Every structure is written in structure tokens, then in C-alpha cells.
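Contents: one structure, followed by commentary.
Every read-out reported here was derived from the displayed coordinates using simple, explicitly stated rules and does not represent laboratory data. Keep in mind that what you see is a predicted model, and the values were worked out from it rather than measured. Note that we place each Cβ from the backbone using ideal geometry, even for glycine, and neighbour counts take in every protein chain shown.
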Amino acid sequence: CTRCLDVCPTGAITPAGDHVAIDSYICAGCGSCAAVCPTGAATYDLPPRDALFERLRTLLTTYHNAGGTHAVLLIHDGNHGEEMLSIMARQGSGLPANVIPFRVNSVSQAGFDLFAAALGQGASQVRLLVDPRHRDELAGLATQVGLAETAMSGLGFGAGRVTVIDTTDPEAVQSELYGAAPAAPKAGTFVTRGNKRGMTLLALRHLRDVAPT
């Protein structure tokens, strides 16, 4: 498999026999390699994977237990994303009540496993707020979004379940988030721990069981 080699924007990953070598001095920390890796052989530890997925499960479970519906998970980073949300809060209408902000170190670290887990635990949509100034780092993210959209459409949930917001205009971000969200899949109770492939299959099996198609 050469997926991590293909998406690394800095050339930090090189072939090393039956393995690959990652140069920490060249790596920019975008996380694309971990996002596209189908097995979890490449991982991203800021934060550790189990901690990230446990935070996701806690947020969605708490939201639903409080009576919330049509949850939209907004994945953003601490730079561009935080700035957009801050401007929206101070000068606009802020976030809609059903939008749950989910901060990560780099949005490009998000992959199909995270999208499947969020949708399988009752998120209506996953929106990814990316910085258009870093488009050279988003090739891997685009493939993962496309995979999620294909899966959700094939199961009958419809398109638009995982989408990217690519702008530096806070008003444009706000207008995107205030659109109506579709009905969410029935939330599952699967545990968001274990290896990447196993956890992804748990989420997909649940989505298959509750799928319209």
C-alpha cells in the first residue's frame, strides 16, 4: 500500500523495504497519513486515538441524553477554526444549537473511521471546517470524505452527510451551518475502542442494520 506515501505533502514518508520511514524533522503534523491508512499502521497521537474517539462518544451521548436532535459535528482546528468560531460568536449569530464543535489538532487527521463513528452514534452530519490556505494538505481528506459519502449514499442515507467548509469568510461559514440538517441515523451503542479496522467495521455494521436501503 502506498496511500501514506501518496498523500504526504512534505515528502516526510519514504519507502523502507516492506515498511515506510517517517522523518519527524520533515513531518508537518497534518495527519493525512493516519487518515488514509486503512489498517492503523500509521497513527496520529495528538491526542491518542482512543482519547479522541471517547471524547466523540461522550459529546454525542450527552447531547442525545439531553434531548438534542439533528446533531451536526463540526470538526475544526485550533487556528483557523477557532478564529472563525470566535468571530461568529462576537459579530454574528454564533453556532446553531444543534452544531457541536469538535476541536482537533489538524482537520486533515480526520478519516473515514471518525466519520463512520460519528454517524453511527447519531450525528446527522459531519462538517469539516478547513483552512483554504492549506489546500495542499487536503488531498487525503478529500478521499476520505468521498468514501464516506459513497457509503452513506449506498446505504440510503443520502448525500451531504460528510462535507467540507472551505472559506475564510465567517459569514459564509455561518450560513453553511444554519441550513437544515437531515434526520440522523439511529444512534448505536458500540464501543469506540480497539484497532482502526475493527472499530470502523463496528460502526458500519450498525449503520447497515439501521439503513433505509
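Here are the numbers for this structure:
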| read-out | value |
| --- | --- |
| Within a Gaussian network of the chain (alpha carbon springs, distance under 10 Å), most fluctuating of Gln174, Gln91, Gln121 | Gln91 |
| Over the range 80-206, equivalent-ellipsoid semi-axes from the Cα gyration tensor in Å | 25, 17, 13 |
| Residues with amide H under 5 Å from that of Leu74, placed H, sequence gap 5 or more | Ile100, Phe102, Arg127 |
| Relative contact order (%) - the range 56-213, alpha-carbon pairs under 8 angstrom, separation at least six | 30 percent |
| Two-decimal Rg to Rh for the chain - Kirkwood Rh, Cα set | 0.96 |
| Residue-count net charge about Glu149 - beta-carbon cut-off 14 Å; Lys, Arg +1, Asp, Glu -1 | +2 |
| Gain on full stretching of the segment that runs from Ala97 to Thr61 - 0.36 nm per residue minus C-alpha separation | 11.4 nm |
| Förster-model FRET efficiency, 35 Å R0, Thr69 and Leu5, C-beta, rounded to 0.05 | 0.25 |
| Ala21 versus Leu147: modelled label distance in nm, points set 7 Å from Cα along the beta carbon direction | 2.7 nm |
| Antiparallel DSSP beta bridges within the chain, as percent of all bridges there, nearest 5 | 20 percent |
| Relative contact order, percent, the range 82-150 [alpha-carbon distance under 8 Å, six or more residues apart] | 33 percent |
| Inter-probe distance in nm under a simple model that places probes 7 Å from Cα toward Cβ, at Glu83 and Val191 | 4.2 nm |
| Peptides 50-60, 70-80 ordered by average Cβ neighbours within 10 Å, highest first | 70-80, 50-60 |
| Relative packing of peptides 8-19, 140-151, 37-48, 98-109 - highest average C-beta neighbours within 10 Å first | 98-109, 140-151, 37-48, 8-19 |
| Cut-off 20 Å (backbone N to label point 7 Å along Cα→Cβ of Thr168), residues of the range 126-154 | 128-139 |
| Residue-averaged 222 nm ellipticity for the chain, from DSSP H runs of 4+ at -39500 (n - 2.57), nearest 500 | -12000 deg cm²/dmol |
| Across the chain: Cys residues that no other cysteine approaches within a C-beta distance under 4.7 Å | Cys1, Cys8, Cys27, Cys30, Cys37 |
